[in-house]
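Structure record follows, encoded as structure tokens.
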Amino acid sequence: MKNLLRSTLYLSVFALAGILFQISCSNSENSNPQKTTTQLNKIIYSKQVGSDIQIWTCNYDGTNQTQIPITLPANLIVNNNNSQATPRLSPDGQTVFFVVLNTTTSLWSVYSCDITGNNLQQVVSPVSTPNLIIGNTI
């Protein structure tokens, strides 16, 4: 009888320890939401069509190719003359960043817009160097 009670006590403590371990694991996964990320499964790239450079997105497998319709003033053009100045997506996949050349002043800037092509705005003031590099976000 003593052994039965002792075995029952050991099994109860073991089961309780397992439950506490599961609770602590589930709490630690939700305690730091900054570490959770969503994978967008999108590629952003530029395509030269005639003398224009267009910005496009697609899925990783090449499906759903979509042009981002960006309307710039007459003296500005999307430019990726420097191979490292290719367009980039924000971490949430909602904003596009790209290099723009002012053809009248030969100054370079970084612009952004929504993934839909709306809300165009200058992010980095014009500079004279063509070596603008849009880095990855941290």
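One residue alone among Thr86, Thr37, Thr8 is at pLDDT below 90 and surrounded by 14 or more Cβ atoms within 10 Å (Cβ to Cβ), and that residue is Thr86.
Condition first: open to solvent by 20 Å² or more (accessible area, probe 1.4 Å) and under 20 Å from the mean Cα position of the chain (by Cα). Now tell me which residues in the range 112-129 satisfy that.
If we filter the range 112-129 for residues that are open to solvent by 20 Å² or more (accessible area, probe 1.4 Å), which is where we start, we get 114-116, 118-129.
Listed by number, the residues that qualify are Asp114, Ile115, Thr116, Asn118, Asn119, Leu120, Gln121, Gln122, Val123, Val124.
The numbered conditions (1) open to solvent by 60 Å² or more (accessible area, probe 1.4 Å); (2) modelled with pLDDT under 85; (3) of a type outside the set (Ser, Thr, Tyr) are all true for Asn79 except (1).
Sort through Asp61, Asp52 and tell me the only one that's at pLDDT 60 or above and closer than 19 Å to Gly117 by Cβ. Asp52 is the lone residue from the list that is at pLDDT 60 or above and closer than 19 Å to Gly117 by Cβ. For Ser109, the test of being touching a residue at least 12 places away in the same chain (Cβ under 8 Å), open to solvent by less than 30 Å² (accessible area, probe 1.4 Å) and under 19 Å from Asp52 (Cβ atoms) is passed.
The values are calculated or read from the model by the stated rules, or taken from the named source; none is laboratory data. As the structure is a prediction and not an experimental result, all values here were calculated from the model. FYI the Cβ positions are ideal-geometry reconstructions off the backbone, even for glycines, and counts take in every protein chain you see. Note: areas computed on protein heavy atoms with side chains; ligands, DNA, RNA excluded. Shrake-Rupley method; radii C 1.70, N 1.55, O 1.52, S 1.80 Å.
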